[in-house]
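No value in this document is a laboratory result; all are computed from the given coordinates. Computed from a predicted structure; not experimentally measured. FYI the Cβ positions are ideal-geometry reconstructions off the backbone, even for glycines, and counts take in every protein chain you see.
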Amino acid sequence: MHLNPYGGDAVKLAAELANRRPRTVEDLTDRCRAAGLVIDEPVPQADLAHTLALLDTWEGVVDAATERERAERLNRMLAAGASHPRLTDHSGGWHLHYRDDRLPFAAVLSSLIAVGTAFHLVGRGMHRLGRCAVAGCTTIYADTTRTGRQRYCSQRCANRDAVRRHRATRSAADTARA
Ligand SMILES: [Zn+2]
Ligand SMILES: [Zn+2]
């Protein structure tokens, strides 16, 4: 496991998996590999259900109403899923693990996502996790922009909302003139 939890990788992976839930273990492992995870052992079927439960818990962190609630929910995830950091060179190159050795894949993923989300929020800002501001779009984003003012999941949604606001302003102006 070499996904750098200090970068945005782990929190982006969490958002990606939460937004489009994996349907099979193969789908899950393929997408984790594509994100840079090294998975060196077969992943049992049971890990899919555990991963889906972990994503539900993580969405609770996303949807927390206040920063304190967000911190408390994430602290519970960290307490359940992470362990003291340790140095390892299990596949060449020293790096840190925030978990015990030889855990099931879903537990590894849980620790990675909890630690990665924690680094993201304390490093960049506690508000930098949310759902798209477009009504009807519930897509989660992890804000790694320079300004930290992301409100939409994508440029497409930002454009859609700009068009909607423009129309609303114009029709209000028309009403005022009538
Ligand atoms: Zn590793
Ligand atoms: Zn959106």
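Observations on the model:
- Net charge, Arg102 excluded, C-beta distance under 15 Å - Lys, Arg +1, Asp, Glu -1: -3
- Estimated distance in nm for a label pair at Ala168 and Asp27, the labels positioned 7 Å out from Cα along Cα-to-Cβ: 3.4
- Footprinting exposure proxy for Trp94, Trp58 (fewest neighbouring C-beta atoms within 10 Å first): Trp94, Trp58
- Overall form of the chain per C-alpha gyration tensor (a/c, 1.5; a/b vs b/c): prolate
- Working note: 222 nm ellipticity from helices only, DSSP H runs with n ≥ 4, each -39,500 (n - 2.57), summed and divided by the residues of the chain, gives -18000 deg cm²/dmol to the nearest 500.
- Local net charge near Gly81, Cβ-Cβ under 12 Å (Lys/Arg +1, Asp/Glu -1): +1
- Where a label projected 7 Å from the Cα of Cys137 along Cα→Cβ would reach, residues of region 149-178 with amide N under 14 Å: 150-165
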